[in-house]
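Student: Below is the structure I would like to discuss, written out as structure tokens.
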Amino acid sequence: NTLTSYHGSNPTATPMGGFDRVYDGDFAKWIKYANSLKLRIAMRMRNVEPTLAQRYAEEAVNNSIGVITTNADNAAYKPVGSNTLWMIASAWGDCRVGADLTAYMNGYNDPRRKSYFEDATFDTPGINGIRSASQHTVDTYNKYSKVKVAQGDRMMWMSASEVAFLRAEGALLGWNMGGGSAKDYYEQGVRLSFDQWGAGSADNYLADGTSREADFTDPAGAESTPAVSDITIKWEDGDTQARKLERIITQKWIALWPLGFEGWCEYRRTGYPKFFPLASQVESKYGNLVVANRMPFSRKEYDNNLQNVQAAVGMLGGDDDFATKMWWQR
């Protein structure tokens, strides 16, 4: 409200321009980002607080300034020094692309792959991710596809594509997301992502009603596994609500790259996209848990902040472990 009031009285003022590494002091863009975050939060809690979630989502979209709708308004931070994803993926070499993502994108023949990933370095070239809980040697691990990211790249906080997919889900629920249908916002989300990554026209991609997630053929030979989803790209009005939601979230999850935290939240919230089983067994207490529901508090917190940690654990509704669900998952 403070930003909206100030911007309304001073529409061209940029008093924070010299300090703003996201929008160069453009308050209108900050207001759009704030509304978009409100929409994201509303959708996050919609399974446990549906009435409140709808109210906040509709307020965000129908605000006088509105939400992010173009890639020119994407919230992306210009790093001081190095992009942290570049540090982890390139400078340290501590991560590789996941097989779940490459299997979907390979199956869909997705042109964004060349912008997302580097080719694997096995004898047979191609985009090849690694399965969760793999137990390869370091030499083998290093051959899987890396993240394609440059040291000076901006770090994405929120994109127009994500906002469009949020509106698609809202429209699917019958919420007032600005007058468009779930199909309209779904296709808009894909098109915005293609534009964001310079992937050309999305027309043929959106018209593809047959391509599905690919089987994972492990180039190292040990951990191949069949596809777990048959969801296609083309919007189908006759599909069930569940299948429409799977389609929205699967494409949203692909477009969220490289926002891993948001992708994690989407899976925990909806169960989509469908993931491969783990490549190796985890602790028996976690059973078939494919993705952690939360991160336990660290040993350091228990040592230095015991009273507050104990109070927080008491509100979890379960043990302080990977399996206990966040409140918005229930």
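The values are calculated or read from the model by the stated rules, or taken from the named source; none is laboratory data. Everything quoted here is computed from the prediction, not taken from an experiment. Cβ atoms come from the backbone with ideal geometry, glycine included; neighbour counts cover every protein chain shown. In case anyone asks, the SASA skips ligands and DNA or RNA and just uses the protein heavy atoms, side chains included. Shrake-Rupley method; radii C 1.70, N 1.55, O 1.52, S 1.80 Å.
Student: Percent of alpha carbon pairs in the stretch 80-123 separated by more than 17 Å?
Tutor: 44 percent
Student: Taking the Cα centre as origin and putting +1 on Lys and Arg beta-carbons and -1 on Asp and Glu beta-carbons, what dipole magnitude results for the chain, to the nearest 20 debye?
Tutor: Rounded to the nearest 20 debye, it is 520 debye.
Student: Roughly what percent of Cα-Cα pairs across the stretch 151-286 reach past 18 Å?
Tutor: So the pairs more than 18 Å apart make up 61 percent of the total in the stretch 151-286.
Student: Here is a follow-up. How much of F122 can a 1.4 Å solvent probe reach, expressed as accessible area in Å² and rounded to 10?
Tutor: Accessible area, nearest 10 Å²: 30 Å².
Student: Hey, what's the per residue convex hull volume over the C-alpha atoms of the stretch 285-330, in cubic angstrom?
Tutor: Residue-normalised Cα hull volume stands at 79 Å³.
Student: Report the paramagnetic label zone for L316: residues of the stretch 114-148 whose backbone N is under 12 Å from a point 7 Å from Cα along the Cα-to-Cβ axis.
Tutor: none
Student: Let me ask another. Please sort by residue number the trypsin sites (Lys or Arg not before Pro) in the stretch 1-49 whose DSSP state is loop and whose Cβ has at most 15 other Cβ atoms within 10 Å.
Tutor: Filter output for the stretch 1-49: R21.
Student: Also, quick follow-up: For the pair V138 and T324, what calculated FRET efficiency results from E = 1/(1 + (r/R0)^6), where r is the Cβ-Cβ distance and R0 = 25 Å, to the nearest 0.05? Intermediate results must be reported in sequence, preceding the final value.
Tutor: Details: r = 32 Å, r/R0 = 1.30.
In this case the efficiency is close to 0.15.
Student: Bin by bin, in steps of 10 Å, what percent of the Cα pairs in the chain do you find, going until the bin that has the longest distance?
Tutor: 5, 22, 31, 28, 12, 2, 0
Student: Okay, next question. Please name which of N35, S284, T102 has its Cα lying farthest along the dipole of the chain towards the positive end, using unit charges on Cβ (Lys, Arg +1; Asp, Glu -1) and the Cα centre as origin.
Tutor: N35
Student: Averaged over every viewing direction, what's the projected area of the C-alpha convex hull for the stretch 231-330? Give it in nm², one decimal, please.
Tutor: Working: hull surface 33.6 nm².
In nm², the orientation-averaged hull projection of the stretch 231-330 is 8.4.
Student: Here's another thing I want to ask about it. On a C-alpha basis, how far is the centre of the stretch 279-330 from the centre of the stretch 102-123 in Å? Whole number, if you could?
Tutor: 33 Å
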